[in-house]
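Asks: Questions regarding the structure given below will be posed in turn.
The values are calculated or read from the model by the stated rules, or taken from the named source; none is laboratory data. Just so you know, these numbers come straight off a predicted model, no measurement behind them. Here the Cβ positions follow ideal geometry from the backbone for every residue, glycine too, while neighbour counts run over all protein chains shown. Heads up: the accessible areas ignore ligands, DNA and RNA and are worked out on the full protein's heavy atoms, side chains in. Shrake-Rupley method; radii C 1.70, N 1.55, O 1.52, S 1.80 Å.
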Amino acid sequence: MAVLTLSAALVACGSDPGPDADPANPVTIDVTVSAAAEIYSIPWLVAQQQGLFEKHGVIVENIVPGKGGSATMRTLLDGNIPIGEVSYPSIVQADAAGSELRIVGGGTQGPYPMNFYALASNPNINSIEDVRRWAYTRPNSASDALTRLIPSLAGVDAGQIERVASGGIGEGFALLEAGNVDIALVPSIVAEQRPEDFKLIVSSPDYMSRFLQSTITTTKDYAASNPGVVRAINAGYTEAVASIEADPVAAAQIYANYTGFDVESATAVVERASSVGTWGGGFDTASVESAQDGVEASGSDRVPNFCTLFDPEFLAEGVENDVPGDCDS
């Protein structure tokens, strides 16, 4: 698949805050992030608490937890919240051509923390080859895609697996604890806090290094009318990723304060996520292509127009700028 690499000059334009985002008189907005208690919120929290959005002219007042990918995306389309981090599969299902939505920045670009656990007390499940009933959250979700892609990558016969749509991470967790499935997603912070209760069976980063779970997304109209806000959000997010890498303990303290989890467990989660390149502010072709493979493996016939759906105009300076497709033509 051909790759578009944007010029340095185009990247640099993302550093202009724009007329609608003034550091001397910041704009105040809310953002929405799916699964905000999980790792997806960490760069947003760090940028918010360290003033990284504000220095570019935007105050993020509230980070509103999304209610799953499609519900979070609907919040954007309804205009209730202007910008957020939304799951890639839900975007493709809703607006593959990019007629209403714009992916304006990177987000969660690796498969962590999409790890699947068995109960530690279950003696029959010790490897992926033992799994017969595998819980995922919802059809056309990132977890749906991974439960299709990973068995193939692991060389496991898909015919031996019954896949169970739980409706959400919490519901899948409940099915696991009730013994109704062999493995399910367990929130990373829970796995860190209760290692005696769960055993890791499938670590997604063991099978793939890049996988675009979610993206910084807004509507086409909001991006056109508030370009400075969008650029400021991307700049703050990108700086937050660098801050996390430089001082994961400080980021973990912010995350622990937000969630109420203990700092030791939060630090383990932040360090693990950062070590495998989970977050990024730019566009990464490898992560997009693996996510699209997952969308197609889930049975979707939606074919994205990468050249309109992904908009590089708002990216922060110096980030990666590769998207699939021959967008020069």
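Asks: Give the ranking of 130, 221, 95 by solvent-accessible surface, highest area first, calculated with a 1.4 Å probe.
Replies: Working: 130 55, 221 110, 95 10 Å².
So the residues, ranked largest to smallest area, are 221, 130, 95.
Asks: Mind putting a number on the dipole of the chain about its Cα centre? Charges go on the C-beta only, +1 for Lys and Arg and -1 for Asp and Glu, and I need it in Debye to the nearest 20. List each step's numbers first, then the result.
Replies: Numbers: 16 positive and 42 negative charges, 111 e Å.
Result for the chain is approximately 540 debye, rounded to the nearest 20.
Asks: Output the Cα-based Rg and Dmax of region 115-233 in Å, rounding Rg to one decimal and Dmax to a whole number.
Replies: 17.3, 57
Asks: Now for a separate question. Which value results when the Cα radius of gyration for region 193-233 is divided by 2.2 N^0.38 Å?
Replies: Output field value: 2.08.
Asks: Please give me, ordered by residue number, the trypsin sites (Lys or Arg not before Pro) of region 101-208 that lie in loop per DSSP and have at most 14 other Cβ atoms within 10 Å.
Replies: 132
Asks: Rolling a 1.4 angstrom probe over the protein chains, ignoring ligands and nucleic acids, what is the accessible area of residue 153 in square angstrom, nearest 10?
Replies: Using a 1.4 Å probe on the heavy atoms, I get roughly 100 Å².
Asks: While we're here: Out of the DSSP beta bridges found with both residues in the chain, what percent are antiparallel (nearest 5)? Walk me through the intermediate numbers first.
Replies: On the way: 23 of 40 bridges.
Close to 60 percent.
Asks: How much length would be gained if the chain were fully extended between residue 160 and residue 55, taking 0.36 nm per residue of separation minus their Cα-Cα distance, in nm to one decimal?
Replies: The residue 160-residue 55 span can extend by a further 32.5 nm.
Asks: If ligands, DNA and RNA are left out, what is the accessible area of residue 262 with a 1.4 Å probe, given in Å² to the nearest 10?
Replies: Accessible area of residue 262: about 60 Å².
Asks: Out of the total accessible area of region 202-329 (probe 1.4 Å, heavy atoms of protein only), what percent is carbon and sulfur?
Replies: On the way: 2220 of 4830 Å².
The computed percentage sits at 46.
Asks: Another question, if that's okay. Could you tell me the accessible area of residue 99 in Å² (1.4 Å probe, neighbours in place), rounded to the nearest ten?
Replies: 70
Asks: Roughly how many Å² is the accessible area per residue of the chain, as a whole number, for a 1.4 Å probe?
Replies: It amounts to 39 Å² per residue over the chain.
Asks: Using only the Cα atoms of the chain, each taken as one equal point scatterer with no solvent, compute I(q) by the Debye sum, divide by I(0), and report log10 of the ratio at q = 0.08, 0.15 Å⁻¹.
Replies: -0.35, -1.22
Asks: Over region 147-281, what is the relative contact order in whole percent, taking alpha-carbon pairs under 8 Å and six or more residues apart?
Replies: Reported as a whole number, the value is 20 percent.
Asks: Work out, in µm²/s and without decimals, the Stokes-Einstein translational diffusion coefficient of region 176-266 at 25 °C, 0.890 mPa s, Rh from Kirkwood over C-alpha pairs. Please list the in-between numbers first.
Replies: On the way: Rh = 16.7 Å.
In µm²/s, the coefficient rounds to 147.
Asks: Helices from the chain with mean Kyte-Doolittle at least 0.0 and a Cα length along the axis of 20 Å or more, per DSSP H: which?
Replies: 227-246
Asks: Follow-up. Determine the relative contact order of the chain: mean sequence separation of Cα pairs under 8 Å and six or more apart, normalised by residue count, in whole percent.
Replies: Relative contact order comes out at 32 percent.
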